[in-house]
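Here the structure is laid out as structure tokens; the discussion comes afterwards.
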Amino acid sequence: MIGNSMGYKMPMFSFNKSSYESRLLNLLQSSFFMTARRNKILAKWAGGRLGYKDSALNKYIRNIVFTHIMKPNDKKIINKILSDFKKADIKITEEVIYQKIKAIEERIKAKQNLKHVD
């Protein structure tokens, strides 16, 4: 405690490094898993539009998720999906994919908020 001339005692705030690192690690892990879940849902949507089913769909999902893990960049995934759609002669814009990503993220965050309420 630190005191002043009037006798008021002010508490000292201790910085617990391990607590800070723990919170930061937890935040990074949550972000990583949320992004992986988002990419899985996005890949399932894209694979379905491409006509993939069963093992082909699962392979496509793994490919998209793995692409992001190796090089975490949303633009890479979007370009991959755009390229796959173009090869399949499916007309879609980059904006539509970005909108889909945002919608998926909002759903995931809403579900996470519901879990924290319980």
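The values are calculated or read from the model by the stated rules, or taken from the named source; none is laboratory data. None of these values were measured; they are calculated from a predicted model. Virtual Cβ from ideal backbone geometry, glycine too; neighbours counted across all protein chains shown.
Looking at ASN39, ASN58, which is the one that is loosely packed, with under 15 Cβ neighbours inside 10 Å and at pLDDT 90 or above?
Details: ASN39 fails: loosely packed, with under 15 Cβ neighbours inside 10 Å.
From the options ASN39, ASN58, the qualifying one is ASN58.
In the stretch 20-43, how many residues are in contact (Cβ under 8 Å) with a residue 60 or more places away in the chain, closer than 15 Å to ILE77 by Cα and of a type in the set (A, V, I, L, M, F, W, C)?
The qualifying residues number 2.
What number of residues within the stretch 38-81 satisfy the criterion of being over 15 Å from GLU94 (Cα atoms) and in contact with a His (Cβ under 7 Å, 6 or more places away or on another chain)?
1
Quick one: which of ALA110, ALA46 is modelled with pLDDT under 90 and part of a helix (DSSP H, G or I)?
Working: ALA46 fails: modelled with pLDDT under 90.
Criteria check complete, one pass: ALA110.
Identify the single condition in (1) outside any helix (DSSP H, G or I); (2) under 20 Å from the mean Cα position of the chain (by Cα); (3) modelled with pLDDT of 95 or more that PRO72 does not satisfy, given that it satisfies every other one.
It fails just one condition, (3).
Tell me, please, whether a residue that is under 17 Å from the mean Cα position of the chain (by Cα) and modelled with pLDDT of 90 or more can be found in the stretch 84-96. Talk me through it step by step, then tell me what you get.
Of the stretch 84-96, the ones under 17 Å from the mean Cα position of the chain (by Cα) are none.
No, there is no match, as no residue in the stretch 84-96 is under 17 Å from the mean Cα position of the chain (by Cα) and modelled with pLDDT of 90 or more.
Is it fair to say LYS111 is over 15 Å from the mean Cα position of the chain (by Cα), surrounded by fewer than 12 Cβ atoms within 10 Å (Cβ to Cβ) and not hydroxyl-bearing (Ser, Thr, Tyr)? Full working, then the answer.
Values: over 15 Å from the mean Cα position of the chain (by Cα): no; surrounded by fewer than 12 Cβ atoms within 10 Å (Cβ to Cβ): yes; not hydroxyl-bearing (Ser, Thr, Tyr): yes.
Here the answer is no, as LYS111 does not meet what is asked.
Suppose we filter the stretch 51-60 for residues that are in contact with a Phe, Trp or Tyr (Cβ under 9 Å, 6 or more places away or on another chain) and either touching a residue at least 24 places away in the same chain (Cβ under 8 Å) or part of a helix (DSSP H, G or I) (or both); how many remain? Walk me through how you get there before you give the answer.
Residues of the stretch 51-60 in contact with a Phe, Trp or Tyr (Cβ under 9 Å, 6 or more places away or on another chain): 52, 58-60.
Still in the list and also either touching a residue at least 24 places away in the same chain (Cβ under 8 Å) or part of a helix (DSSP H, G or I) (or both): 58-60.
Looking only at that region, the number is 3.
Taking the condition within 21 Å of LYS109 (Cα to Cα), out of contact with any Leu (no Cβ under 6 Å at 6 or more places or on another chain) and not hydroxyl-bearing (Ser, Thr, Tyr), does LEU50 pass? Spell out how you get there, then give the answer.
Details: within 21 Å of LYS109 (Cα to Cα): no; out of contact with any Leu (no Cβ under 6 Å at 6 or more places or on another chain): yes; not hydroxyl-bearing (Ser, Thr, Tyr): yes.
Criteria not met by LEU50.
Restricting attention to the stretch 6-31, and to residues there that are exposed (fewer than 10 other Cβ atoms within 10 Å of the Cβ) and small (Gly, Ala, Ser), which single residue is modelled with the lowest pLDDT?
This residue is SER14.
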